[in-house]
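The values are calculated or read from the model by the stated rules, or taken from the named source; none is laboratory data. Everything numeric here is computed off the predicted structure, so don't read it as measured data. Methodologically, a virtual Cβ is constructed for each residue, glycine included, from the backbone with ideal geometry; neighbour enumeration extends over all protein chains shown. Quick note on the areas: whole protein, heavy atoms, side chains included, nothing else; ligands and nucleic acids left out. Shrake-Rupley method; radii C 1.70, N 1.55, O 1.52, S 1.80 Å.
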Amino acid sequence: MRIAYLECFSGISGDMFLGALIDAGVSPQLLEETVAALGVGAKLEFSKVMRSGISATKVDVWVDGEKDMPREEYWAKQSVEQAPPSPTSSHHEHDHGHPHQHSHHDHAHSLHDHHSHGETRPGAAAPHEHEHEHGHSHRGLTEIRKIISAAKITESAKKTAISIFEALGAAEAKIHSVPIEKIHFHEVGAVDAIVDIVCAAVGAEALGVDQIICSPLNVGGGSVKCAHGTFPVPAPATLELLKDAPVYTSAIQAELVTPTGAAVVKTLASRFSSFPEIRIEKSAYGAGSRDFPAHPNVVRIVIGEAVSKLAGKTNSETISVLEANLDDLNPQVFGYVMDRLLQEGALDVFGMPVQMKKNRPGTLLTVLCKPDDADNLTQLIFSETTTLGVRRREETRQTLARRWESVRTEWGEVRIKIASMNGTVTNYAPEYEDCRRIAEEHHVPLKTVMQRASRAYLEEGQR
């Protein structure tokens, strides 16, 4: 298994991640073509820079001829160029608890809330003027989905990019107490954020690894100035996105993890851990804009092959496990619920007899599913059973590589599921539904059909 280990000892932002991808060998032309496919008037600039003696790749986004600048420089510029908003302006209303009622000006003010490490991309023009010319700051999730869906990139990259945006949107929605589809995303709708996130999805796919693992994240310290005021680091959206992630702070008093960076890691990384056991092939560095004394402001990617024998022979993935204790459910309903859960995407569903309180016999319902399907399946359990609570946890599942082949019997074709490890077949089994259908149609014992299918597979393999 080929692994990319993301070391965030100086945090992470969208542009730092792109720089590390390019330094690791992802084609700059691929990212340039990705940006062109988005049709948002942006271009990329690649350069080599030094950060505390470390050579790293820097990626900048130009939007309509205007280059990015760090957050603190942007807000210093605004304090000189702009007068405070009047009491009747929409920005004043926004400060009083109406984050979903943004005017163009209000979006322009809040455009840069989530960026650091040079990830903000305000232009030379004042935000009011810039927004009216280009309309970059008022995109919502629906429009962003349309932009990504229309781009000529792979379907898997589209899905990943949209997932990153949805993670950002969910964090914003919770902070502002607004439904995700109704809020305007502040900087999430900015052109530079679209470029960072879509290029991150495309570049991560092009990296050609089976798994991305992330280190604990150095979030930095101090405070950061945003459109809504000065906040302690991590900023509110970053803090929301980093739930369940291991974080720490160092002596650097600056924002090191941005919400865009946090959303990228949250979506792309399969897990957080210390340095994995791998045979190292290469290392690469992506740079932020600032150069801290005696602290390289870079993110590092280390790529290599897993040396663990088990990891090399199996695929690893994170799954959700849902459980509920049922002691007053009609057994007929239980079978129906199992079928519904499987139809809605569950990977596996099973029940076990348990003895519950007051010595009542019951059933433990267990559902294995992809994390993205967990909320929907939890809703189904609540609506279709009598349980008052569903437990949920994340687990790592290792699976053998699987494929399907068809064999011919005298009654018709039967699919065979074949499991293999390092190219060697370890198990095979006729597909039950195919065998049952044949048994019913031809009035043949089911066990006979299954035996004939297995024999046919073995005979074909020996030819």
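When the range 317-375 is examined, which residues are found to be on the phi < 0 side of the Ramachandran plot and among the basic types (Lys, Arg)?
Of all residues in the range 317-375, those on the phi < 0 side of the Ramachandran plot come to 317-344, 346-357, 360-375.
Of everything in the range 317-375, those that are on the phi < 0 side of the Ramachandran plot and among the basic types (Lys, Arg) turn out to be Arg340, Lys357, Arg360, Lys370.
Pull up the range 271-287, narrow it to residues that are basic (Lys, Arg) and open to solvent by 90 Å² or more (accessible area, probe 1.4 Å), then point me to the one that is modelled with the highest pLDDT. Show your work before the answer.
The first filter runs over the range 271-287 and keeps only residues basic (Lys, Arg), leaving 271, 279, 282.
Checking which are open to solvent by 90 Å² or more (accessible area, probe 1.4 Å) leaves us with 271, 279.
Values: Arg271: 93, Arg279: 89.
So, considering only residues that are basic (Lys, Arg) and open to solvent by 90 Å² or more (accessible area, probe 1.4 Å), the one modelled with the highest pLDDT is Arg271.
With respect to Ile303, is the statement that it is in a strand (DSSP E or B), open to solvent by less than 10 Å² (accessible area, probe 1.4 Å) and either out of contact with any helix residue (DSSP H, G or I) (no Cβ under 7 Å at 6 or more places or on another chain) or more than 27 Å from Asp372 (Cβ to Cβ) (or both) true? Working first, answer last.
Working: in a strand (DSSP E or B): yes; open to solvent by less than 10 Å² (accessible area, probe 1.4 Å): yes; either out of contact with any helix residue (DSSP H, G or I) (no Cβ under 7 Å at 6 or more places or on another chain) or more than 27 Å from Asp372 (Cβ to Cβ) (or both): yes.
Judged against the criteria, Ile303 is a match.
Quick check, is Lys152 more than 26 Å from Phe292 (Cβ to Cβ), among the charged types (D, E, K, R) and open to solvent by 20 Å² or more (accessible area, probe 1.4 Å)? Reasoning before the result, please.
Details: more than 26 Å from Phe292 (Cβ to Cβ): yes; among the charged types (D, E, K, R): yes; open to solvent by 20 Å² or more (accessible area, probe 1.4 Å): yes.
Yes; evaluated as a whole, the condition is true for this residue.
Criterion first (modelled with pLDDT under 90 and either open to solvent by 50 Å² or more (accessible area, probe 1.4 Å) or touching a Ser or Thr at 6+ places or on another chain (Cβ under 8 Å) (or both)) does Pro232 satisfy it? Walk me through it before giving the result.
Details: modelled with pLDDT under 90: yes; either open to solvent by 50 Å² or more (accessible area, probe 1.4 Å) or touching a Ser or Thr at 6+ places or on another chain (Cβ under 8 Å) (or both): yes.
For Pro232, the condition - modelled with pLDDT under 90 and either open to solvent by 50 Å² or more (accessible area, probe 1.4 Å) or touching a Ser or Thr at 6+ places or on another chain (Cβ under 8 Å) (or both) - is met.
Of the numbered conditions (1) buried (at least 20 other Cβ atoms within 10 Å of the Cβ); (2) at pLDDT 90 or above; (3) touching a Lys or Arg at 6+ places or on another chain (Cβ under 9 Å); (4) not in a helix (DSSP H, G or I), Gly123 satisfies every one except a single condition; which is it?
Of (1) buried (at least 20 other Cβ atoms within 10 Å of the Cβ); (2) at pLDDT 90 or above; (3) touching a Lys or Arg at 6+ places or on another chain (Cβ under 9 Å); (4) not in a helix (DSSP H, G or I), only one is false for Gly123: (2).
Kindly list the number of the only condition in (1) open to solvent by less than 40 Å² (accessible area, probe 1.4 Å); (2) assigned to a strand (DSSP E or B); (3) farther than 30 Å from Arg403 by Cβ that fails for Ala263.
(2)
I'd like the full set of residues that are surrounded by 24 or more Cβ atoms within 10 Å (Cβ to Cβ) and under 13 Å from Ala200 (Cβ atoms), limited to the range 1-21.
Those that are surrounded by 24 or more Cβ atoms within 10 Å (Cβ to Cβ) and under 13 Å from Ala200 (Cβ atoms): Ala4, Ile12, Ser13, Gly14, Asp15, Met16, Phe17, Leu18, Gly19, Ala20, Leu21.
Residue under question is Val367, and the condition is that it be β-branched (Val, Ile, Thr) and farther than 28 Å from Pro246 by Cα; does it hold?
When the stated conditions are applied, Val367 does not pass them.
Tell me yes or no: at least one residue of the range 372-381 is open to solvent by 40 Å² or more (accessible area, probe 1.4 Å), outside any helix (DSSP H, G or I) and in contact with a Ser or Thr (Cβ under 8 Å, 6 or more places away or on another chain).
Filtering the range 372-381 for residues open to solvent by 40 Å² or more (accessible area, probe 1.4 Å) gives 372-373, 375-376, 379.
Still in the running and outside any helix (DSSP H, G or I): none.
Among the residues of the range 372-381, not one is open to solvent by 40 Å² or more (accessible area, probe 1.4 Å), outside any helix (DSSP H, G or I) and in contact with a Ser or Thr (Cβ under 8 Å, 6 or more places away or on another chain), which makes the answer no.
Can you tell me which residue within the range 22-41, out of those that are closer than 15 Å to Ala56 by Cα and of a type in the set (Gly, Ala, Ser), is surrounded by the most Cβ atoms within 10 Å (Cβ to Cβ)? Give the steps one after another, and end with the answer.
Pass one, the range 22-41, residues closer than 15 Å to Ala56 by Cα: 22-26, 28.
Of the ones still in play, those that are also of a type in the set (Gly, Ala, Ser) are 24-25.
Working: Ala24: 24, Gly25: 14.
Here the answer is Ala24.
Tell me whether the range 393-404 contains one or more residues that are under 33 Å from the mean Cα position of the chain (by Cα), surrounded by 13 or more Cβ atoms within 10 Å (Cβ to Cβ) and free of Cβ contacts under 8 Å to residues at least 40 places away in the same chain. Break it down into steps so the answer makes sense when it comes.
To start, the set of residues in the range 393-404 that are under 33 Å from the mean Cα position of the chain (by Cα) comprises 393-404.
Those left that are additionally surrounded by 13 or more Cβ atoms within 10 Å (Cβ to Cβ): 397, 400-401.
Okay, now just the ones that are also free of Cβ contacts under 8 Å to residues at least 40 places away in the same chain, so none.
Among the residues of the range 393-404, not one is under 33 Å from the mean Cα position of the chain (by Cα), surrounded by 13 or more Cβ atoms within 10 Å (Cβ to Cβ) and free of Cβ contacts under 8 Å to residues at least 40 places away in the same chain, which makes the answer no.
Just one of Ala439, Ala419, Ala453 is of a type in the set (A, V, I, L, M) and closer than 23 Å to Ser316 by Cα; which is it? First the steps, then the outcome.
On the way: Ala439 fails: closer than 23 Å to Ser316 by Cα; Ala453 fails: closer than 23 Å to Ser316 by Cα.
Going through Ala439, Ala419, Ala453 in turn, just one is of a type in the set (A, V, I, L, M) and closer than 23 Å to Ser316 by Cα: Ala419.
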